[in-house]
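*Asks:* Structure in structure tokens, see below.
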Amino acid sequence: MLITRCGYNIEMNPYASFLGGRDAREVVSETAARLNSHVERLGADGLKRGTAPGKWSAGAILCHLADCEIAFGFRLRQALAEPHHVIQPFDQEAWAKPYETLDPRAALDLFTAARRWNLALLGTVAPEQLGKKLTHPERGEMTFETVVETMAGHDLNHLGQLERIS
């Protein structure tokens, strides 16, 4: 069954609902600046707070976003380079184990640099490449464009969490 919201397939992209019809490339191009604003507003003490007990702190969210930007960059490049690429999923909770001991500002620096590089790549993508097929083992067949929309929705999800922490 195809479930859509705002024109996005939410079975392939669980973050589609966060887009609310916004252009995914516009969202991803704004995220680094928005994260920087949150970090400045939160300060060192605020980066230690989470949305609720047992939830990731703001700093851990930044670490997660840095890790995900590396993963998304790899996925984008593999999708363009290989015929019908199969995405490698990862366990975000396993990756998150060291987050509370890592420097969230270093994570923001990494995210910002990797995002700038990923945006440069996206600027080279021809319209016909947006429809290139790939497979996510847990979500099924999707397109290159779905990966970009997933990045954007993922960004908005975590930006919303940082708003609530602020």
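*Asks:* Being over 14 Å from Leu62 (Cβ atoms) and part of a helix (DSSP H, G or I) narrows it down to one residue among Leu156, Leu162; which is it?
*Replies:* The unique qualifying residue is Leu156.
*Asks:* Sticking with this structure for a sec: Looking at Thr124, Thr101, Thr143, which is the one that is buried (at least 17 other Cβ atoms within 10 Å of the Cβ), more than 13 Å from Val28 (Cβ to Cβ) and without any contact (Cβ under 8 Å) to a residue 40 or more places away in the chain?
*Replies:* Thr143
*Asks:* Report those helices (runs of 4 or more DSSP H) wholly inside region 2-88 carrying at least 2 residues which are modelled with pLDDT of 95 or more and surrounded by fewer than 20 Cβ atoms within 10 Å (Cβ to Cβ).
*Replies:* 24-46, 58-81
Here's the yes/no breakdown for (1) touching a residue at least 12 places away in the same chain (Cβ under 8 Å); (2) among the aliphatic types (A, V, I, L, M):
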{"position": "Asn13", "(1), (2)": "yes, no"}
{"position": "Leu19", "(1), (2)": "yes, yes"}
{"position": "Val28", "(1), (2)": "yes, yes"}
{"position": "Ala33", "(1), (2)": "no, yes"}
{"position": "Glu40", "(1), (2)": "no, no"}
{"position": "Gly43", "(1), (2)": "no, no"}
{"position": "Lys48", "(1), (2)": "no, no"}
{"position": "Pro53", "(1), (2)": "no, no"}
{"position": "Leu62", "(1), (2)": "yes, yes"}
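*Asks:* Output the residues belonging to region 75-116 that are aromatic (Phe, Trp, Tyr) and within 25 Å of Thr146 (Cβ to Cβ).
*Replies:* Hits for region 75-116 are Phe90, Trp95, Phe111.
The values are calculated or read from the model by the stated rules, or taken from the named source; none is laboratory data. Keep in mind it's a predicted model, so treat the numbers as computed, not measured. Backbone-built Cβ (ideal geometry, glycine too); neighbour counts: all protein chains shown.
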